[in-house]
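Here is the structure we will look at.
What follows is calculated from the coordinates using simple rules that are stated; it is not laboratory data. The shown structure was predicted, so the numbers you read here are calculated from the model rather than taken from an experiment. A quick note on method: Cβ atoms are made from the backbone with ideal geometry, for glycine too, and the neighbour counts reach across all protein chains shown.
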Amino acid sequence: MNEPDHVDPIAALQSKLSQKWTSIEHSAGAATKITSKLEKLLTGSSTSDTSIVVFGSLARKEWTSKSDIDWTLLVDGQADPQHLEIAQKISGQLTEGKFQAPGASGIFGNMTFSHDLVQKIGVGKIPMKIRPVVCFYSKNQPRLVSPMHRNEFSD
């Protein structure tokens, strides 16, 4: 089945109102550049059972010069000491890349196990329009996935 082309709601609203919101366009453009930089920086950092997931302003394409990188290493398999080493390597790479670290709460910049994540957020029970927007970078295919735009978490 073919997916319908995604229509950017902000662009549609700008057109309908004959407005141009340069700050929003600038943030979206900056997010695209940062996403490319991250893909290059983090290529090869994940394994066959892990993905690097980036949340927040970057995933929503609302990047500003004050934004940080809210990320987690998503583990889809059994725990392995290598996973902690990978998460630490990613943290170091982001620091070396001059990205602002996530907040001190420890919620981001860590590991998350897929089973725990599904249990905590109940992906199958959350209506599509309010699911979180995330970026996935996996070893085999770095790509941006936005559940607001594509049904990546279909039941």
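Would you check if Trp21 is surrounded by 15 or more Cβ atoms within 10 Å (Cβ to Cβ) and farther than 19 Å from Ile90 by Cα?
Details: surrounded by 15 or more Cβ atoms within 10 Å (Cβ to Cβ): no; farther than 19 Å from Ile90 by Cα: yes.
Here the answer is no, as Trp21 does not meet what is asked.
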Take the residues of the range 81-102 that are over 19 Å from Lys37 (Cβ atoms) and in contact (Cβ under 8 Å) with a residue 12 or more places away in the chain: which is surrounded by the most Cβ atoms within 10 Å (Cβ to Cβ)? Ala87
Among residues of the range 19-64, those that are without any contact (Cβ under 8 Å) to a residue 24 or more places away in the chain and assigned to a loop (DSSP other than H, G, I, E, B), counted: 3
Which of the residues that make up the range 90-108 are out of contact with any Ser or Thr (no Cβ under 6 Å at 6 or more places or on another chain) and either part of a helix (DSSP H, G or I) or at positive phi (or both)? Ser91, Gly92, Gln93, Leu94, Thr95, Glu96, Lys98, Gly106
